[in-house]
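Have a look at the structure below, then the notes.
The values are calculated or read from the model by the stated rules, or taken from the named source; none is laboratory data. It should be emphasised that the depicted structure is a prediction, and the values quoted were computed from it without experimental measurement. Every residue, glycine among them, receives a Cβ derived from its backbone with ideal geometry; neighbour counts consider all protein chains shown.
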Amino acid sequence: MAEINSRKAAIVGCGFVGSASAFALMECGLFSEMVLIDADRNRAEGEALDISHGLPFSKPMQIYAGDYSDISDAAVVIVTAGAGQKPGETRLDLVKKNVSIFRSVIPQIARYNKDGILLIVANPVDILTYAAAKLSGFPENRVFGSGTVLDTARLKYLLGGHLGVDSRSIHAFIIGEHGDSEIAAWSSANVSGVPIHDFCEMRGHFEHEKAMIEIAENVKNSAYEIIEKKKATYYGIAMSVKRICEAIVRDEKSILPVSSIQNTGEISGVALSMPTIVGKHGVEGAVPIRLDDKEKAALKESADTLRAVIEDVLDN
């Protein structure tokens, strides 16, 4: 095995999400080398060429199409390969198709790269993160998914608009499944240290229950709305991939709600999203945020939903 190059990334899958992620990573200058892999070699070559032509406006970088042998020294292998979500289809509806794809893709990655980080982006991301950990044999800290990083950004964006404040000053998380059973963790939400309900009242909003339900529903249904309008979502998730890669490559120890295998009490044997310290070794520890009893029950329900799918699809 080649020595890991911390400035190299590999993207497996060059559909909308993979190519948008490649573009976002080129723009930010985080990596100096990036290999694109796709079952359709022509597609990978076309994306690599198209993105490369913009390099004079960005930072020096080598971008090329390759095969699995080219990932041996990649610090981060980003897996977006899989069938896309169709209008009216839930992320969990995708599961059998994409687990089947992962059964061929993940062992290939593990064959050539033993020491990198496996970042799963394909949906349903929680099930596929669990599948990737089992199929790769990688330590669990080095296999995690994009999880609810994008859902959390959507929550902050909508709250920023609701409160008339910079979304970057809002500290709030979507936790659990990246999907229909996700939970907005309102109990720990705050704006620059001010509890969310207090800040709402400072801004003239008093109908907390109604607003919480409406905003959480809008976050949950965002992807469905975008897919209905333009057939796919890819820019938001591409920026989420870039943000996660920054935390890894710069060893930032940033707290991000990535999806990783949980091993704590009732929430175990399943991959889902919780606030997590992310650095150069991957997942470096969970951050226990305050949840009320209702949120704890919803989180357990989300875990049970995912576990049932895992048992149905992976354990049979």
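Observations on the structure shown:
- Any hit, segment 10-22, residues being touching a Lys or Arg at 6+ places or on another chain (Cβ under 6 Å), surrounded by fewer than 19 Cβ atoms within 10 Å (Cβ to Cβ), touching a residue at least 60 places away in the same chain (Cβ under 8 Å) and outside the structural domain of ARG243 (by TED's automatic domain parsing): no
- Which listed residue, of ASP50, ASP93, is farther than 23 Å from GLU177 by Cβ, surrounded by fewer than 21 Cβ atoms within 10 Å (Cβ to Cβ) and of a type in the set (Asp, Glu): ASP50
- Exactly one residue out of ALA247, ALA216 is more than 22 Å from ASP115 (Cβ to Cβ) and touching a residue at least 24 places away in the same chain (Cβ under 8 Å): that is ALA216.
- Residues that are over 13 Å from GLU246 (Cα atoms) and in a helix (DSSP H, G or I), drawn from segment 27-52: ARG41, ASN42, ARG43, ALA44, GLU45, GLY46, GLU47, ALA48, LEU49, ASP50, ILE51, SER52
- If the condition is being of a type in the set (S, T, N, Q) and closer than 18 Å to VAL105 by Cα, then segment 17-41 contributes only SER19.
- When ILE127, ILE101, ILE120 are checked against the criterion of being closer than 26 Å to ILE226 by Cα, surrounded by 22 or more Cβ atoms within 10 Å (Cβ to Cβ) and touching a Gly at 6+ places or on another chain (Cβ under 8 Å), ILE120 stands alone in meeting it.
- ALA24 under 20 Å from the mean Cα position of the chain (by Cα), within 25 Å of ASP115 (Cβ to Cβ) and assigned to a helix (DSSP H, G or I): yes
- Residue in segment 57-76 that is closer than 18 Å to VAL241 by Cβ, under 16 Å from the mean Cα position of the chain (by Cα) and buried (at least 20 other Cβ atoms within 10 Å of the Cβ) present: yes
- Some residue of segment 252-262 being within 19 Å of the chain's Cα centre (by Cα), modelled with pLDDT under 95 and not basic (Lys, Arg): yes
- Residues (more than 23 Å from the chain's Cα centre (by Cα) and loosely packed, with under 15 Cβ neighbours inside 10 Å) located in segment 33-47: ASP40, ARG41, ASN42
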